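Single-structure report; data block below.
The values are calculated or read from the model by the stated rules, or taken from the named source; none is laboratory data. This structure is a prediction, so every number in the text was calculated from the model and none was measured. Every residue, glycine as well, gets a Cβ built from its backbone with ideal geometry; the counts of neighbours run over all protein chains shown. We work out accessible area using only protein heavy atoms, side chains counted, and drop any ligands, DNA or RNA first. Shrake-Rupley method; radii C 1.70, N 1.55, O 1.52, S 1.80 Å.
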Amino acid sequence: MKFLRILIVLLLLSTRQPAISPVIAQSEPPRLPVYIVQPGDSLNLIALKFNVSAEDIVAVNGLPDPNILQVNTQLVIPGITGAEGILSFEPLKLGETPVQIARRSNLLLNSLYKLNRITSPSEFFLGANIILVNQESEGQERHLYKLQPNESLLDAAIKNNQSLWQMTFENQYNYPWQVIPNEKVVVINKNAEAASEETVSIENLPLKQGKTSSIIIRDVVTNPSATLDNMPIDFYDLEGYSVAIFGVNALKETGLYPFHIEYTDSAQNKINVDQLILIQSGFYPKDPPLSVDPTTLEAESSQKEEEIVTQIISQHSTTKLWDGVFQWPTDDPCIKSAFGNRRSYNGGPYDHYHAGLDLGVCLNLNIYAAADGIVVFAGPLEVRGNATIIDHGFGVFSGYWHQSKILVEVGQKVTAHQLIGEIGTTGRSTGPHLHWEMIANGVSVNPIDWIETSFP
Ligand SMILES: [Zn+2]
């Protein structure tokens, strides 16, 4: 009898062993958290996602050939423990705390910390991908419900057709009276519906040097404002929503920065969120060192030119004048120099960057408006040469430098692909080309993103 009991224990233990060889996805749930290889995954990409070495993944899973990674293969990720199930990633939502993530993903807080190998709540920042484990949900959906002022967990339970004890258990309280006023609690919805969209979203996370991002508040709000590392981000009304479009300076040091947003929502709640946000590298290469007339670098006149441009872009249309993606401003977009390249002048440090995109003369000299807007500057400048600046609204501008001919006037309305000038080599330029610049919220950003993405 005793022998039999030991045998049963041994059998039970043996089924708890982690799978060390890759297996194809089965209906039976795995014991350790596993990652299922997705189309487009590579071993290096998976290693990067989980911040482990590719060699360790190969070793732990006994992969025969690391170059062949079949879709749907289950991989044990070394060092990732804390819960059973299928590993997934999800971006951190604005204002979300570790407790809220744990609640809505049905994980113990301790498991969430273990899965992410994190020890402090401050390590959950905007732009971070949170590692989660999807457990069997049995057709249930978990929603976050915000407690109203003076609402108890019992009130919320009745309102949401839940038992008080289920609410207490699912929200990882020991007692129902531990609830803090206005807290967000999880509600199990048995008739699973699609989860409603977040009220506030930040697009294109994580932020990257020289890239454009936007903030959308899906509510009729008053006095919305935001700052990124104390730089103000301006909001505009768009079809009942509040929208901000902003750029990250291409020279901004990578790392975590304070992000703040506040507004009063349609229910007159004052919303205030402070969170750290990640800025990643744009991976811009270094141009060969450049030699220019030293007087043009520090000249008072080029300083004055910066002030002129800053003054022009400080006033702008609060109406969105463009629609959809931007168009190439030349007929044949042959790129001579990309945006963001690091530049060193006269042997100095690489502390300058290319703030626009240089397009050479390939088919003809035509320069077109990249999108609908209003001309706010058209004239000669010392460094930029014959320059045109178009206001597209919402703090978005396009600039066209070094032209031989300007064909528009200040105040003129232009439409996308309208002829506005001719390519030249006026100003600080070494040969005929169009320097095309895009500015969002006062920051020069990569113009190509505006051709590929319809902002906001
Ligand atoms: Zn240029």
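Table for the structure above
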| quantity | calculated |
| --- | --- |
| Principal axis dimensions, largest first and in whole angstrom, of region 294-452 by Cα | 43, 35, 27 |
| Pair V60, N364: separation of 7 Å Cα→Cβ label points (nm) | 6.0 nm |
| Proximal charge balance of N67 [Cβ under 14 Å; K/R count +1, D/E count -1] | -3 |
| Charge dipole magnitude, Cβ of K and R +1, D and E -1 - region 39-97, Cα centre, debye nearest 20 | 100 debye |
| Where chymotrypsin sites (Phe, Trp or Tyr not before Pro) fall in DSSP loop in region 238-310, at most 12 other Cβ within 10 Å | F283 |
| Zone of V99's modelled label, taken as backbone nitrogen in region 144-178 under 13 Å from a point 7 Å along Cα→Cβ | 147, 171-178 |
| Relative contact order %, region 142-189, counting alpha carbon pairs below 8 Å whose residues are six or more apart | 57 percent |
| Surrounding net charge for S281, when Lys and Arg each add one and Asp and Glu each subtract one, Cβ distance under 13 Å | +3 |
| Accessible-area composition of the chain, carbon plus sulfur, in percent [1.4 Å probe] | 54 percent |
| 40 Å tail of the calculated P(r), the chain, as % of Cα pairs | 37 percent |
| Point-to-point label distance, N174-I308, nm (Cα→Cβ direction, 7 Å offset) | 7.1 nm |
| The chain - percent relative contact order, Cα under 8 Å, separation 6 or more | 11 percent |
| Dimensionless Rg/Rh of region 29-134 - Kirkwood Rh, Rg from C-alpha atoms | 0.97 |
| With eigenvalues of the C-alpha gyration tensor scaled by 5 and rooted, region 172-303, Å | 41, 18, 15 |
| Given K49/K270; K211/K320; K114/K184; K252/K413, the pairs whose alpha carbons are separated by over 29 Å | K49/K270; K252/K413 |
| For the chain, with +1 on Lys and Arg beta carbons and -1 on Asp and Glu, the positive-most of W177, L359, V248 along the dipole | W177 |
| Packing-based ranking, highest mean first, of 164-173, 63-72 given that Cβ atoms within 10 Å are counted | 164-173, 63-72 |
| Most to least packed among 177-188, 209-220 [average Cβ atoms within 10 Å] | 209-220, 177-188 |
| Antiparallel bridges, percent of DSSP beta bridges restricted to the chain (to nearest 5) | 90 percent |
| Dipole-positive endmost among G85, T388, G427 within the chain (Cβ charges, Cα centre) | G85 |
| Å² per residue, accessible surface of region 142-189 at 1.4 Å | 61 Å² |
| Under 12 Å from the E198 label point (7 Å along Cα→beta-carbon), backbone N, region 109-132 | 125-130 |
| Peptides ranked, highest mean first, by Cβ atoms within 10 Å: ranges 411-417, 385-391 | 385-391, 411-417 |
| Spin-label proximity, S344 to region 265-308 - amide N less than 12 Å from point 7 Å beyond Cα toward beta carbon | 286-291 |
| Radius 15 Å from Cβ of T330, net charge of other residues (Lys, Arg +1; Asp, Glu -1) | -3 |
